[in-house]
Amino acid sequence: MKNLTAKNLATAVETRKGFYRLSEQYAKEGNFAKEHEAKLDMAKCQKIVDSFPTAPVSFYIGYRKYFEEVIKIGNSFFTRGEKMTKSRGFRNVVEIEKITQEMTNEMISDSHYY
């Protein structure tokens, strides 16, 4: 995909979710051929999502600090197809050089309090 825009990202993520729901529905019905087709289409959408550039960031949700590899389009960051904004609960979103093991350990050690 040549146009790496937020709209294209949102479309690819929503389409992937739709194919996932279809594959689950076909699995319940026992229609394994259609389930397989839906999973192949879902993989195509995932390939489009994976083609977007990523960047490691640190951010807060509430008082907890997180480190995550997210999609970067221009100066904006996206996770799970949605822009990381203050109104969605993401505070102090900052691009970092890389996510170290120390950062990962910090998130793990903080998680047992919640």
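Throughout, read-outs are computed from the coordinates displayed, never taken from laboratory work. Note that the structure is a prediction, hence the values are computed from the model and not measured. Methodologically, a virtual Cβ is constructed for each residue, glycine included, from the backbone with ideal geometry; neighbour enumeration extends over all protein chains shown.
Test GLU24 against the criterion of being more than 30 Å from ASN75 (Cα to Cα) and among the acidic types (Asp, Glu), and give yes or no.
Numbers: more than 30 Å from ASN75 (Cα to Cα): yes; among the acidic types (Asp, Glu): yes.
So GLU24 passes the test.
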- Residues being surrounded by 12 or more Cβ atoms within 10 Å (Cβ to Cβ) and either of a type outside the set (A, V, I, L, M) or in contact with a Cys (Cβ under 7 Å, 6 or more places away or on another chain) (or both) - total across the range 1-13: 4
- Message: With the requirement that a residue be at negative phi, surrounded by fewer than 16 Cβ atoms within 10 Å (Cβ to Cβ) and outside any loop (DSSP other than H, G, I, E, B), what does the range 74-102 give you?
- Response: SER76, GLU82, LYS86, SER87, ARG88, ARG91, VAL94, GLU95, GLN101, GLU102
- Query: For the subset of the range 73-98 comprising residues that are under 15 Å from the mean Cα position of the chain (by Cα) and among the charged types (D, E, K, R), which member is nearest to ASP50 (Cα to Cα)?
  - Reply: ARG80
